[in-house]
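Note sheet for the following structure.
The values are calculated or read from the model by the stated rules, or taken from the named source; none is laboratory data. None of the values given here were measured: they were computed from a predicted structure. Positions of Cβ are backbone-derived with ideal geometry, glycine not excepted, and every protein chain shown enters the neighbour counts.
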Amino acid sequence: MHIPDGIVPLSVAAAGYAVTAGATWYSLRKINQQEDPQAGIPKAALLTSAFFVASWIHIPVPPTSVHLILNGLLGTVLGFYAFPAILIGLFFQAIMFQHGGLTTLGVNAAMMGIPALLAYGIFQLRTRFNLQDSQLWTGVFGFLAGSIGLALAAAIAFTILITTIPGNIDVAAERASITALIVAHMPLAIIEGIFTAMLVVFLMRVKPELLEGASTQKAAVASS
Amino acid sequence: MDIGLETYAKLDSPVHRWGVRQKLIGLAALIFAFAFIQDLRVLPAMIVVTAIIFAISRLPFPFLVSRLRYPGIFVLALAVVLPLFSGTTILVSLGPLAVRQEGLLAFLLIFVKFVCILTLSIVLFGTAPFLKTIKATRSLGLSPILADMMLLSYRYIYEVANDLTKMQTAMRLRGFRAHGFNKRTLNSLATLAGSLLVRSYERSERVYQAMILRGYGRAKISYEEFKAGTADIMAMTGVIVVAVGFVLAELFLRGVIGG
Amino acid sequence: MKPQTEANTYTNGYHHHAIKQPEPALTVTGLRFSYTDKADVLKDINVTIKPKERVGLIGPNGAGKTTFFMSICGVQKPQAGEIVLFGKPVKHRDFRPEIGMVFQNSTDQLFSPTVWDDVAFGPQNLGLSPAEVEDRVNEVLTSTGTLAFADRPPHHLSGGERRMVAIAGILAMQPQLIIYDEPSANLDIRSRRRLINFLKASDQAFIVSSHDLEFILEVCDRVLLLDEGQFIADGDPKQVMSDSPLMEAHGLERPHSLAFHKNDHHSGSKTTP
């Protein structure tokens, strides 16, 4: 789902950068408003590394295997640091593996980052309904966060790709292929959802602070 | 495990010696100029310029090819889709399918842009230590929060990767085989991923303590190492001029400017 | 001749100008620390450490050693007590470069992408000019024998090499009191010996916490036994650690080299007759 260089026109790449710049600026502002912005940096940075490596884990889906994006979970755990984390993660992927382009860094970050923030919001609903102590409901919200995080990212990615590829494909074919690609990714979204659910239940048992409304914010307050 | 592009970062070439800040600005300008191109007539010039810069950098060609392989797969998928489905002018008929001219040319455009942009990116990031490049972007105005996060993430990716390998080995030694898509396998892998997260989280507390013990946040960063020489600035200006040239050529061919 | 540093020497009748008391490196009085989920990890800690003194800290796991270290460095805020470091009280989150701490796990401490950058981190935060930073870094890399690794990323180093780089990073700040938390853990014999020699030759006061009791014997002049948040014993390493009942009562053991010799009548050799 990472969009490579050369495919989308500059206008789209520029728009992507504009959105990413805005979201990053907003995130940094929120980070700087905390009592001790520095305290959250090592936490966010090391979790970025952990998510980066965790996405290498092969999930067997016979006959093949898939790698998860985990943007939903990343949003859940990192809160305001999620967008910078995704930006950095994508940058590393572009440099290290040429996975996703540099001109398309903005587009890719927006495509994965906005759903991540949405996933964060969805997961926080858990506290709104006072369900944070229930393992079952934590799992449910985890599933929603994970699956919607991926589904939305896929929807954005394919819509951009199909509508901006140079060449004339007629509108009906365009719409058909977008729908087809998104539908093809639904099983993947379900898998991400299930995996995210299992992960949040694990974290709830082992380190619940990681799930409490952006633990990085907590760190900034606690250590001051 | 290396960051991949650092393998040839210590070679000697004019590009390697080019000041990192100027290299960043110059090549970024050229990369975005290339992204702007939609007219096929500009492609030959793009290829020539890219080839020249790559040649000057003395990076090995097989290295470039190996780096293009993975992302190239996706682009080659378009090699099939576009010529067969996009456009109306039919060049060759192959039974029920037809190779269309517009699609073929669209693919050609994408392919050349892809190769040129990626080659320049690899030259940009492959001819200097990654760390230096990050510091250069910080000196150009990148938020210190982002720069610090990037440096720390970069440093600890290796540690987490080590943890992952060790844990996977431990799991395998206890008979775990990730074969089927079933609840038990998923749960084990979720536990694996979760452990990575928890360990990193706990490690980050100690890292933070180590950082403040040595005065994190008090430094006034000096960018002396990035003092620019005349050659650096001239090279940058030259490349920017070329980039602008490409943009103007494209605008001219589109009929936006010129006679 | 060692000057007395007990506070009550002032009462011996001499005009106190005649006896120059060197200012203690560290004075801790009434230190108490509790975590939210664990009360009284440190109960009532009182200790004075002289400049250039070499102190060992022993005790079972969970005794409160790391908490003690974090408190005297100003990283964690105690519930009660006073900590005075080189004449100045230690306030929570103060930057006190006179004290440095070498962590148990060097990887937690080597957070920069290269060795050179990591060692330069401290001096840069001290506000030194780039030229001064360069001199300082080269100096400590040389004295710790790690100059050859300057350009390497920390994950390309062995455990012993990482340990010495971490020490270099602390030395670069020119501290006068260094804490070593389990420094010989996971080191091979050669690295351990190198570390022992290094500590024996060092200029600063230090506190070494270790389960490696022989290490403490070789390197320290004084030992503190910490258990259940209090100092149970404070004295000569050989005397304290030869006391088997005492050691065993607090989760430790008399080190083997002291098994037959309480007094060193073989001029340094610790072998059995």
Whichever residue in the range C:211-229 is of a type outside the set (A, V, I, L, M) and over 22 Å from residue C:51 (Cβ atoms) and, among such residues, is surrounded by the fewest Cβ atoms within 10 Å (Cβ to Cβ) = C:211
ask   = Which is out of contact with any Leu (no Cβ under 7 Å at 6 or more places or on another chain), more than 10 Å from every other protein chain (Cβ to nearest Cβ) and more than 23 Å from residue C:54 (Cβ to Cβ), of C:132, C:139, C:182?
value = C:132
note = Within the range C:190-207, residues within 20 Å of residue C:172 (Cβ to Cβ) and among the charged types (D, E, K, R) come out as C:194, C:203
request  = Pull up the range A:21-33, narrow it to residues that are surrounded by 17 or more Cβ atoms within 10 Å (Cβ to Cβ) and within 11 Å of another protein chain (Cβ to nearest Cβ), then point me to the one that is farthest from residue A:83 (Cα to Cα).
outcome  = A:31
message = Cβ contacts < 7 Å: first residue farther than 13 Å from residue A:206 by Cα, restricted to the range B:181-208; second residue of a type in the set (Gly, Ala, Ser) and outside any loop (DSSP other than H, G, I, E, B), any location; separation 6+ or different chain. Result?
response = B:200/A:49; B:200/A:50; B:208/A:39
query = Got at least one residue in the range A:45-59 being at pLDDT below 95 and at positive phi?
reply = no
remark   = Exactly one of A:176, A:180, A:155 is part of a helix (DSSP H, G or I), away from chain B (no Cβ under 14 Å) and either of a type in the set (A, V, I, L, M, F, W, C) or loosely packed, with under 14 Cβ neighbours inside 10 Å (or both), and that one is A:155
task = Kindly indicate whether residue A:104 is hydroxyl-bearing (Ser, Thr, Tyr) and either closer than 19 Å to residue B:146 by Cα or within 14 Å of another protein chain (Cβ to nearest Cβ) (or both).
result = yes
message = I'm trying to understand the selection: among the residues of the range C:55-103, which are of a type in the set (S, T, N, Q) and surrounded by fewer than 16 Cβ atoms within 10 Å (Cβ to Cβ)?
response = C:61, C:79
ask   = If only one of B:75, B:42 is of a type in the set (A, V, I, L, M), in contact (Cβ under 8 Å) with a residue 24 or more places away in the chain and more than 12 Å from chain A (Cβ to nearest Cβ), which one is it?
value = B:42
Residues of the range A:51-73 classified as of a type outside the set (Val, Ile, Thr), surrounded by 20 or more Cβ atoms within 10 Å (Cβ to Cβ) and without any contact (Cβ under 8 Å) to a residue 60 or more places away in the chain, total = 3
Residues that are at pLDDT 90 or above and either in a loop (DSSP other than H, G, I, E, B) or among the acidic types (Asp, Glu) (or both), drawn from the range A:120-141 = none
Candidate set: the range B:45-71, residues that are in contact (Cβ under 8 Å) with a residue 24 or more places away in the chain and of a type outside the set (A, V, I, L, M); chosen: the one surrounded by the most Cβ atoms within 10 Å (Cβ to Cβ) = B:57
request  = Report, by residue number, each residue of the range B:206-221 that is more than 7 Å from chain C (Cβ to nearest Cβ) and closer than 13 Å to residue B:156 by Cβ.
outcome  = B:208
inquiry  = Step by step: first the residues of the range B:103-120, then only those that are without any contact (Cβ under 8 Å) to a residue 60 or more places away in the chain and aliphatic (A, V, I, L, M), then the one that is farthest from the other protein chains (Cβ to nearest Cβ). Which residue is that?
reply    = B:104
task = Output yes when any residue across the range B:113-127 is part of a loop (DSSP other than H, G, I, E, B) and at pLDDT 80 or above, and no when none is.
result = yes
inquiry  = It is to be established whether one or more residues within the range A:131-142 are free of Cβ contacts under 8 Å to residues at least 60 places away in the same chain, closer than 25 Å to residue B:99 by Cβ and surrounded by fewer than 18 Cβ atoms within 10 Å (Cβ to Cβ).
reply    = no
key: Where residue C:232 falls short, out of the listed (1) out of contact with any His (no Cβ under 8 Å at 6 or more places or on another chain); (2) surrounded by fewer than 18 Cβ atoms within 10 Å (Cβ to Cβ); (3) of a type outside the set (Gly, Ala, Ser)   = (1)
ask   = Restricting attention to the range A:70-78, does a residue exist that is within 11 Å of chain B (Cβ to nearest Cβ) and outside any helix (DSSP H, G or I)?
value = yes
ask   = With B:123, B:99 as the choices, which residue is touching a residue at least 12 places away in the same chain (Cβ under 8 Å), over 30 Å from residue B:223 (Cα atoms) and out of contact with any Lys or Arg (no Cβ under 6 Å at 6 or more places or on another chain)?
value = B:99
ask   = In the range B:222-247, what residues are within 23 Å of residue B:129 (Cα to Cα) and within 14 Å of another protein chain (Cβ to nearest Cβ)?
value = B:222, B:223, B:224, B:225, B:226, B:227
request  = For the range C:130-146, name all the residues that are farther than 18 Å from residue C:174 by Cβ and crowded, with 16+ Cβ neighbours inside 10 Å.
outcome  = none
ask   = Only one of these conditions is not met by residue B:161: (1) more than 9 Å from chain A (Cβ to nearest Cβ); (2) of a type in the set (A, V, I, L, M); (3) part of a helix (DSSP H, G or I); (4) surrounded by fewer than 20 Cβ atoms within 10 Å (Cβ to Cβ). Which number is it?
value = (1)
message = Show me the strands (runs of 3 or more DSSP E) entirely contained within the range C:29-107 in which 1 or more residues are in contact (Cβ under 8 Å) with a residue 40 or more places away in the chain and over 21 Å from residue C:170 (Cβ atoms).
response = C:38-49, C:54-58, C:80-85
task = Go through B:31, B:37 for me and flag whichever is among the hydrophobic types (A, V, I, L, M, F, W, C), in contact (Cβ under 8 Å) with a residue 60 or more places away in the chain and in contact with an Asp or Glu (Cβ under 6 Å, 6 or more places away or on another chain).
result = B:37
inquiry  = I need the full set of residues from the range B:166-181 which are within 24 Å of residue A:73 (Cα to Cα) and within 9 Å of chain A (Cβ to nearest Cβ), in order please.
reply    = B:168, B:178, B:180, B:181
query = Taking interchain pairs and intrachain pairs at least six residues apart, which have beta carbon atoms under 7 angstrom, with the first residue in the range A:195-209 and assigned to a loop (DSSP other than H, G, I, E, B) and the second surrounded by fewer than 24 Cβ atoms within 10 Å (Cβ to Cβ) and not aromatic (Phe, Trp, Tyr)?
reply = A:207/B:198
message = Checking residue A:81 against (1) facing another protein chain (nearest Cβ under 10 Å); (2) part of a loop (DSSP other than H, G, I, E, B), only one condition comes out false. Which one?
response = (2)
remark   = All conditions in (1) on the phi > 0 side of the Ramachandran plot; (2) modelled with pLDDT under 90 are true of residue A:34 except (1)
